[in-house]
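The values are calculated or read from the model by the stated rules, or taken from the named source; none is laboratory data. Computed from a predicted model, the values in this text were never measured in an experiment. Neighbour counts run over all protein chains shown; Cβ positions are idealised from the backbone, glycine included.
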Amino acid sequence: MTGPSITSSGITSLPVQKVSPDHRFDTHDLIVVEEPLEIVLEYGPAGKRIEQSVSVTMRTPGDDLELALGFLFTEGILPAITVYPASESGGPGNEASSETGNGEPGNDGSGDAPIANTIRVKLPPQVTPDLKKLQRHFYTSSSCGVCGKISIESLYSVRPAHFRETPLTIDARVLYHLPYLLREGQNLFDSTGGLHAAGLFDRQGHLLVVKEDVGRHNALDKLIGHALLEGNLPLNEHILLLSGRACFELIQKAVMAGFPIVAAVGPPSSLAIQLAQESGITLIGFLKAQRFNIYSGARRILL
């Protein structure tokens, strides 16, 4: 079996047969890459360092450091938003290739399934991770970030100590242009049509950061990890836009990052609405064509 030809970190070109009512032909198509990434946590005093595998996530390569940090923070494993851990990354069986870079895709020589890249997040000796959160050790698939977690109660247990409600309000017209701006910022989606996105906007509706991934939860982790590296958490003066639906886990991550307003192009779930109401988040769904629904926190949207 011949392996795929990688044209960029997040896109590959694969053979495809295209069919229409009276024609078919062989060609190549640009496909979004999905590969496993192992997140390893290193912690402890000098001379007694401990390495622990935290998660394997199926993700689109790129921004792996931001993904790892966003994941560890939103899971409650990183103890404070001020932590700036060093990191290393590399393929299995290899020495780390750099302090903060992304490893190249590993290969066992068979040319078949990809091997998980590994990113190692090194905490300073004085920082102790919350190891109780590791009891919920799980395998995260690209389609459902909640897969494998022990219970709904364990999800609710990851709540931020720093969150406080913000008086932020915005004009409803600010929201109208957000989906268009997010779509304009989705470079990988333009080539493949197969990626989720999370966009960070300021209160005036200016797009600041957009992250893409085959997993909607990964896209948001990358966005939050980026904010963590920049020292911008909590994001209590910003708007989050999701390219698809708003599920419980995405709202949970938004709560951890301090977002006061979360909008989604698609619908929310009932549990997402419940969490948004409990956390004081303004939750908006079906945002498109100058229309949207407000499911919680309507006071922040001025008509």
* Structure fact -> Selection from segment 237-268 of residues more than 18 Å from the chain's Cα centre (by Cα) and under 25 Å from residue 195 (Cβ atoms) yields 267
* Lone unmet requirement of (1) in a helix (DSSP H, G or I); (2) modelled with pLDDT of 65 or more for residue 167 -> (1)
* Structure fact -> Residue hits (segment 251-270; part of a helix (DSSP H, G or I), of a type outside the set (Val, Ile, Thr) and touching a residue at least 60 places away in the same chain (Cβ under 8 Å)) are 252, 253, 256, 257
* Extreme residue, farthest from residue 197 (Cα to Cα), among residues of segment 18-52 that are touching a residue at least 60 places away in the same chain (Cβ under 8 Å) and of a type in the set (Gly, Ala, Ser) -> 46
* Would you be able to say whether some residue in segment 197-213 is among the acidic types (Asp, Glu), assigned to a helix (DSSP H, G or I) and more than 24 Å from residue 173 (Cα to Cα)? => no
* Condition test on residue 138, is it aromatic (Phe, Trp, Tyr) and either at pLDDT 75 or above or under 17 Å from the mean Cα position of the chain (by Cα) (or both)? -> yes
* Structure fact -> Within segment 236-264, of all residues that are more than 20 Å from residue 174 (Cβ to Cβ) and β-branched (Val, Ile, Thr), the one modelled with the lowest pLDDT is 255
* Structure fact -> Considering residues that are under 11 Å from residue 254 (Cβ atoms) and more than 8 Å from the chain's Cα centre (by Cα), the number found within segment 211-235 is 2
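Considering every residue within segment 204-211, establish whether at least one is outside the structural domain of residue 63 (by TED's automatic domain parsing) and more than 19 Å from residue 181 (Cα to Cα). Please lay out each step first, then the result.
Within segment 204-211, the subset outside the structural domain of residue 63 (by TED's automatic domain parsing) is 204-211.
Then drop every residue that is not more than 19 Å from residue 181 (Cα to Cα), which leaves none.
No, there is no match, as no residue in segment 204-211 is outside the structural domain of residue 63 (by TED's automatic domain parsing) and more than 19 Å from residue 181 (Cα to Cα).
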* To do: Please go through segment 55-66 and pick out each residue that is part of a strand (DSSP E or B) and surrounded by fewer than 21 Cβ atoms within 10 Å (Cβ to Cβ).
  => 56, 58
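From the list 86, 80, 68, pick out the single residue that is at pLDDT 80 or above, on the phi < 0 side of the Ramachandran plot and either small (Gly, Ala, Ser) or over 21 Å from the mean Cα position of the chain (by Cα) (or both). Give the derivation first.
Numbers: 86 fails: at pLDDT 80 or above; 80 fails: at pLDDT 80 or above.
Of 86, 80, 68, the one residue that is at pLDDT 80 or above, on the phi < 0 side of the Ramachandran plot and either small (Gly, Ala, Ser) or over 21 Å from the mean Cα position of the chain (by Cα) (or both) is 68.
Report, by residue number, each residue of segment 271-286 that is touching a helix residue (DSSP H, G or I) at 6+ places or on another chain (Cβ under 6 Å) and either of a type in the set (A, V, I, L, M) or in contact (Cβ under 8 Å) with a residue 60 or more places away in the chain (or both).
Initial filter on segment 271-286 (touching a helix residue (DSSP H, G or I) at 6+ places or on another chain (Cβ under 6 Å)): 271-272, 275-276, 279, 282-283.
Within segment 271-286, 271, 272, 275, 276, 279, 283 qualify.
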